[in-house]
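Before any comments, here is the structure.
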Amino acid sequence: MMTMAKYLFCATLIWQLYQPAFAADMVISNAWSRATPAGAGMGAVYADFSNTSSWPLKIIRISTEVAVVSEVHESFEKDGLMRMREIKPFTIAPGATVSLRPGAKHIMLMKLKKPLEKGVKYALTAWVINASAVDEEQQPRSISAEVIVGGFGQMEKP
């Protein structure tokens, strides 16, 4: 008969072996930004986030080397004006793809360290956890994508 301690040990071991797999279940593709003028403090990233797993995945943090702050935002209309708000947490349902596009959901880059210049590429990293897990201490896994910068006012990936 398995004692409780053995059961917990086995469950923990299985979880530790299982957990790294979920990072591979998130795919970031078609990532791009618009070029920004010199002195601009903000930019945006557009991309497709695909969850190929059978459980929800939650993006708990996003970062890039070109901005001090990176957040997932959504645009919405209120009182005839377009506004933005942070989406926190940003959760992607099992088997779903969420497309970040101009005028809708996007990654807001704030406090740009330098202008985003056409043709330049930079890395974007997202930290993901299994949103259905009950483990409050689970370690987030990172997923990276290359972002290419297009022209000013561009509305789709270069």
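Taken together, the values in this text are just the output of simple stated rules run on the coordinates, not laboratory data. Everything numeric here is computed off the predicted structure, so don't read it as measured data. We place every Cβ from the backbone using ideal geometry, glycine too, and count neighbours over all the protein chains shown.
The table below gives the values:
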quantity	calculated
Stokes-Einstein diffusion coefficient of region 35-110, Kirkwood radius over Cα pairs, 37 °C, 0.692 mPa s, in µm²/s	243 µm²/s
Proportion of all alpha-carbon pairs of region 62-104 beyond 13 Å (%)	66 percent
From phi via Karplus (6.51, -1.76, 1.60), per-residue ³J(HN,Hα) for region 103-118 in Hz, x at Gly/Pro	x, 9, 5, 7, 9, 7, 9, 10, 6, 4, 7, 7, x, 8, 9, 3
Simple spin-label estimate for Lys121 and Asp79 in nanometres, 7 Å along Cα-Cβ	4.5 nm
